[in-house]
Amino acid sequence: MNAGRDDLSQWAVHFVHDYNPGYEPDDSMIPFGDFDGFPYHHKKAINDRFDSWRISDDHYPIDPDPDALQVLLKIITDGHIRASWAFRNGRPTIYGPRAAVCFTEMPLYALVEYAERRNRDSVGRHAVGVLKKELFEAGGRPAIYGLAGNHKERHPQGTAFGRWPRFLDPSCGLGAAEQFRYVRMSVDRDPPIDWSHEREWRWADHEDRCSCPGMPIWLAEEPIAFSRAFVVVPDEAEVEYVIGRLQELHDAGANDADFPFRRTTLEATSVVALDQLRDVGPGHVRLEDIPARHIRKLDRPDASPELVEKVRAVLVEARSAADRAAGEHLRSAPRTRDGHVADVAGWAHLVVYDSQSPVVSALLELEEAWGNPGTGYYVEGIGGLGWRDEQALSVAEASVRAAEAVFREHFPDLSLRVETRWD
């Protein structure tokens, strides 16, 4: 019965915006003394199941003031959209015991127009979309705008400075498990409180089933699964960033913290740039209306048999050059009294960071590289901790730089770097 209506969409979209500290709780409100960060559930015993993700965040931190693209790449690399309390002016706008993930069912053209009118800190031109049907199956529901009666809150014991968490009083008629859907509404005041035009949907893990602190989209081994996803970015340059990250995750099968990913959903993720839709007539375009020519998905380039053999030969040459360079470095390097190279112990690796290169396809076919999402593809058999029995960083770096020179000679357009770190 909705056929022909361009104001309706089968997709629900989560906006991604630049980091805004005004949307975060004050550090003084953190309720659990031994917990680094603000919780996703008001009960510590339930929130503790997210400790592995807290540790992952510590090991793989995002920039302290990330822009929208960095936040989007963090969402993709985490495989889920983090739940939030949507703090405004020091108070959460999500009610109940759990943080939530917010979506809108506005079609794409309305989203773009709305983003242009609103402050970019709250509404941006980056987004993640899921099928509304699957969001519903996962427990997502339309927001509840206002109450039939009066708005009244209760403040349970332990509330942080009377500001968090926020619960509606039982007299409001909305149980705690459903309160994440509530959006306060008062159109009879001046100025009015009315956000109903956002056509919001919300999701919360109301049964506390997920092991991640948000809604899993690409993660495997979670009770919720999505068959498809959509990623929206402003321009074609950012499409390349997103496709690259999706490809790295697909090749690795997990993120850098070893949380496994659902490859079928990665393969079914569409990426679209808003600046490519000008010829489509964006005044009425929905996600489902975008022509295939404007949609990018994972499509690894094939490596021809000739290229595979060339890469095989280059690997032999590069490893030989690495061994020679390491030997030369050892002969001239200053030594300690016990005969070791006078340097810190350390690692060096040759990394390719072009996921769409046929050379990477050849390396993977030969099982001579492994992917690390967000970093690139590490070439096997080149570098490591020192070199042979010598653990000095300088000898490891010398060997890898020699191998890098061989690769650059044969593949001048390949994106390469030498990565080093202390042991």
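The values are calculated or read from the model by the stated rules, or taken from the named source; none is laboratory data. Because the structure is predicted, anything quoted here is derived from the model rather than measured. Cβ: placed from backbone, ideal geometry, glycine included. Neighbour counts: every protein chain shown.
Among the residues of region 268-291, which ones are out of contact with any helix residue (DSSP H, G or I) (no Cβ under 7 Å at 6 or more places or on another chain) and either at pLDDT 95 or above or outside the structural domain of D58 (by TED's automatic domain parsing) (or both)? Hits for region 268-291 are A268, S270. Take region 128-140 and flag every residue that is out of contact with any Asp or Glu (no Cβ under 8 Å at 6 or more places or on another chain) and either at pLDDT below 95 or of a type in the set (K, R) (or both). Scanning region 128-140 gives a single hit, K133. Listed by first and then second residue, the pairs linking a residue in region 405-420 that is closer than 17 Å to Y377 by Cβ to a residue that is part of a loop (DSSP other than H, G, I, E, B), with Cβ atoms under 7 Å apart and 6 or more places separating them unless they lie on different chains, are F407/L414; L414/D354; L414/S357; S415/Y353; S415/D354; R417/Y353. If you go through region 93-104 one residue at a time, do you hit one that is within 23 Å of D275 (Cβ to Cβ), at pLDDT below 85 and under 26 Å from the mean Cα position of the chain (by Cα)? For region 93-104, residues within 23 Å of D275 (Cβ to Cβ), at pLDDT below 85 and under 26 Å from the mean Cα position of the chain (by Cα): absent.
If the condition is being of a type outside the set (A, V, I, L, M, F, W, C) and crowded, with 18+ Cβ neighbours inside 10 Å, then region 207-233 contributes P213, G214, P216, E222. Among the residues making up region 399-421, a single one is among the aromatic types (F, W, Y) and part of a loop (DSSP other than H, G, I, E, B): F411. Of all residues in region 301-312, none satisfies being under 27 Å from the mean Cα position of the chain (by Cα), under 21 Å from P234 (Cα atoms) and not β-branched (V, I, T).
Would you point out which residue out of L307, L249 is surrounded by 22 or more Cβ atoms within 10 Å (Cβ to Cβ) and of a type in the set (A, V, I, L, M)?
After ruling out the rest, the residue left standing is L249.
One residue stands out in region 362-372 among those that are surrounded by fewer than 21 Cβ atoms within 10 Å (Cβ to Cβ) and in contact (Cβ under 8 Å) with a residue 40 or more places away in the chain: the one that is farthest from E404 (Cα to Cα), namely E365. Taking the criterion of being touching a Lys or Arg at 6+ places or on another chain (Cβ under 6 Å) and either of a type in the set (D, E) or in a strand (DSSP E or B) (or both), the only residue of region 209-238 that qualifies is G214. The set of residues from region 372-398 being assigned to a helix (DSSP H, G or I) and among the charged types (D, E, K, R) comprises just one member, E397.
Taking region 330-355 as the range and being out of contact with any Gly (no Cβ under 7 Å at 6 or more places or on another chain) and either touching a residue at least 12 places away in the same chain (Cβ under 8 Å) or among the small types (G, A, S) (or both) as the test, the residues that pass are L330, S332, A333, G339, H340, V341, A342, D343, V344, G346, D354. Taking region 239-263 as the range and being in a loop (DSSP other than H, G, I, E, B), touching a helix residue (DSSP H, G or I) at 6+ places or on another chain (Cβ under 8 Å) and not aliphatic (A, V, I, L, M) as the test, the residues that pass are G253, N255, D256, F259. Taken over region 347-371, residues that are among the hydroxyl-bearing types (S, T, Y), assigned to a loop (DSSP other than H, G, I, E, B) and either within 15 Å of V308 (Cα to Cα) or modelled with pLDDT of 95 or more (or both) amount to 1. Is region 20-41 home to any residue that is under 19 Å from P92 (Cα atoms) and within 15 Å of the chain's Cα centre (by Cα)? So far as region 20-41 goes, no, none of its residues is under 19 Å from P92 (Cα atoms) and within 15 Å of the chain's Cα centre (by Cα).
Look through A322, A268 and report the one residue that is within 28 Å of A138 (Cβ to Cβ), surrounded by 13 or more Cβ atoms within 10 Å (Cβ to Cβ) and in contact (Cβ under 8 Å) with a residue 40 or more places away in the chain. Show your work before the answer.
Details: A322 fails: within 28 Å of A138 (Cβ to Cβ).
The match here is A268.
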